[in-house]
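Heads up: the structure comes next, in structure tokens.
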Amino acid sequence: MVVPAGGLGTRFLPATKAMPKEMVPVGNRPSIQWGIEEAVASGIKRAVIVTAPGKELIKAHFAPDPGLEATLRRRGADDLAERVREISRLCQMEFVEQPEPLGLGHAVWCAAPHVRGEEAVGVMLPDDLFAGSPPLLGQLIDVYQKEGCTVLALRRCAKEAISRYGVAAVEGEGPVFRVLDVVEKPAPEDAPSDLALMGRYVLTPEVIAELETTSAGAGGEIQLTDAIRCLAPRGAVVGLEFTGRLLDVGTLESWLSTNAEIVWRDPELGPMLRSRIQELELEQA
């Protein structure tokens, strides 16, 4: 599996000037850890995380820390020490650096030497956290095992928001569609459907090979959608309208909303949040 984590995090500045956006906490752990846990629940054993210069904190987070564990155990916090230990044992992790933020396609291409020879490769964007069961990446893997081709995660999107996403032109009744084309961030009037690509992919080696020669596209970046659309006319791409929800953490506003929902539902933190909201309401009354 490939996890692109090399972006600049400009929508979170100045908070992300020194801290990678993927390390911003969601509930009690960083957003990238939520993604890795989803992958592990989907049966993934190895993750290639694509970082950028200055993002050493991501690697440090997943590295073993025996000193911290020992300190926690001396203080009687055995449960917390075990939770810290498990972070480095989630799966086998490898790290590769993307020298410049040249797009999602370029990030996946940077990981290509680490995934060549594999039957198919999962790609997970840590800006989206999945809520539901079975895990989203696992749903895509199930479709890949039946169809044997590239699989895209699709969700219906409101017209006014469609220009934020790649959008699929499809045929079929669903929930598995044959993808005829993919358009990157179209104007609402030009969108071929209301089915947007949603941060999870299972890519065949043919897509990785296409990235080798893909030129810069929308935004001057190497777009993954451009490589995928080369295969679509050959009948080599399907899309799954998945079950469950994605919680966006890609902007400050969506991160606040997602945090509020996750903390609200947490058995330990939820009561404290609700109590504080009640206090604030009383103060404003």
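Please find, among I228, I222, the residue that is within 21 Å of P4 (Cβ to Cβ), in contact (Cβ under 8 Å) with a residue 12 or more places away in the chain and surrounded by fewer than 24 Cβ atoms within 10 Å (Cβ to Cβ).
I222
Residues checked against (1) within 14 Å of M124 (Cβ to Cβ); (2) exposed (fewer than 12 other Cβ atoms within 10 Å of the Cβ); (3) not acidic (D, E); (4) not assigned by TED's automatic domain parsing to the domain that holds G105:
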position	(1), (2), (3), (4)
N28	no, no, yes, no
I32	yes, no, yes, no
E37	yes, no, no, no
R46	yes, no, yes, no
L68	no, no, yes, no
A81	no, no, yes, no
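For the structure I just gave you, tell me whether A47 is among the small types (G, A, S), under 20 Å from D128 (Cα atoms) and in contact (Cβ under 8 Å) with a residue 60 or more places away in the chain.
no
Determine, yes or no, whether A107 is in a strand (DSSP E or B), closer than 23 Å to A209 by Cα and touching a residue at least 60 places away in the same chain (Cβ under 8 Å).
no
Given the conditions (1) touching a residue at least 12 places away in the same chain (Cβ under 8 Å); (2) in contact with a helix residue (DSSP H, G or I) (Cβ under 9 Å, 6 or more places away or on another chain); (3) not hydroxyl-bearing (S, T, Y), and given that D78 satisfies all but one, which numbered condition is not satisfied?
(1)
Just one of G132, G43 is closer than 22 Å to T251 by Cα and of a type in the set (G, A, S); which is it?
Details: G43 fails: closer than 22 Å to T251 by Cα.
After applying the criteria, what remains is G132.
Test each condition in (1) in contact (Cβ under 8 Å) with a residue 40 or more places away in the chain; (2) exposed (fewer than 15 other Cβ atoms within 10 Å of the Cβ) for A112 and report the one that comes out false.
Unmet condition: (2).
Among the listed residues L125, L129, identify the single one that is closer than 21 Å to R29 by Cα and touching a helix residue (DSSP H, G or I) at 6+ places or on another chain (Cβ under 6 Å).
L129
Which of the following residues is more than 16 Å from the chain's Cα centre (by Cα) and assigned to a strand (DSSP E or B): V96, V123?
Numbers: V123 fails: more than 16 Å from the chain's Cα centre (by Cα).
Exactly one residue qualifies, and that residue is V96.
So if I check each of A111, A18, which one is modelled with pLDDT of 90 or more and over 17 Å from D128 (Cβ atoms)? Let's see the steps before the verdict.
Details: A18 fails: modelled with pLDDT of 90 or more.
Sole residue among the options that is modelled with pLDDT of 90 or more and over 17 Å from D128 (Cβ atoms): A111.
Tell me yes or no: at least one residue of the range 34-52 is of a type outside the set (A, V, I, L, M, F, W, C), under 17 Å from V96 (Cβ atoms) and not in a helix (DSSP H, G or I). Before the answer, list the steps.
Let us first name the residues in the range 34-52 that are of a type outside the set (A, V, I, L, M, F, W, C), namely 35, 37-38, 42-43, 45-46, 51.
Next, from what is left, pick out any that are under 17 Å from V96 (Cβ atoms): 35, 46, 51.
Cutting the leftovers down to not in a helix (DSSP H, G or I) gives us 46, 51.
Yes, the range 34-52 contains at least one residue that is of a type outside the set (A, V, I, L, M, F, W, C), under 17 Å from V96 (Cβ atoms) and not in a helix (DSSP H, G or I).
The values are calculated or read from the model by the stated rules, or taken from the named source; none is laboratory data. Please read these numbers as outputs of a predicted model, since none were measured by experiment. Because the Cβ atoms are built from the backbone with ideal geometry, glycine has one as well, and the counts that use them run over all protein chains shown.
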